[in-house]
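What follows draws every value from the coordinates through simple rules; no lab data is involved. What you are looking at is a predicted structure, and each value in this text was computed from that prediction instead of being measured. No Cβ is skipped: glycine too gets one built from the backbone with ideal geometry, and neighbour counts run over all protein chains shown.
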Amino acid sequence: MNENKETQILESLDLELRRGTIVLSVLSQLKQPQYGYSLVVLLEDKGFKIDPGTLYPLLRRLEKQELLNSHWDTEGTKPRKYYVLSDMGNSIYSKLTEQWLDVVKKINYLIRSEKDE
């Protein structure tokens, strides 16, 4: 297989893997109110790059699902919509975190088992 094709396949698979972690990553940072751009910067500072074009529709969807509460702050120079986990969002986040840790544990076991063979 040529190196260019392998790189393309790896990038595609990496994107699929990241898509599965975006919701958990975003929820993890909304225990304190954040507005969209502050959330992009916060995630990026922690090594998780997210495109604003991906984040904003996700925030709207999570709000519609009642996982987030929001409010507008019009005090500053720019109005900003802040998001924070709702009670249900906190509950879902806790359960999703447990499921994530279980999946990681199982995948780590599979990867280690494969290397031992």
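A few comments on the model shown:
- Mean residue ellipticity, 222 nm, helices only, the chain: the sum of -39500 (n - 2.57) across DSSP H runs of n ≥ 4, divided by residue count and rounded to 500, is -21500 deg cm²/dmol.
- Highest mean packing comes first when the peptides 40-48, 14-22 are listed by Cβ atoms within 10 Å, giving 40-48, 14-22.
- For the stretch 10-22, Karplus couplings with θ = phi - 60° (6.51, -1.76, 1.60), whole Hz, Gly/Pro x: 4, 4, 5, 5, 4, 4, 4, 4, 5, 4, x, 10, 4
- Summing charges over all other residues whose Cβ lies under 12 Å from the Cβ of Ser70, with Lys and Arg as +1 and Asp and Glu as -1, gives +1.
- Cα-centre dipole for the stretch 22-116 with unit charges at Cβ (Lys and Arg positive, Asp and Glu negative), debye to 20: 120
- The base-10 log of I(q)/I(0) for the chain, evaluated at q = 0.09, 0.11, 0.16, 0.21 Å⁻¹, reads -0.34, -0.48, -0.86, -1.21 [Debye formula, identical scatterers on Cα atoms, solvent excluded].
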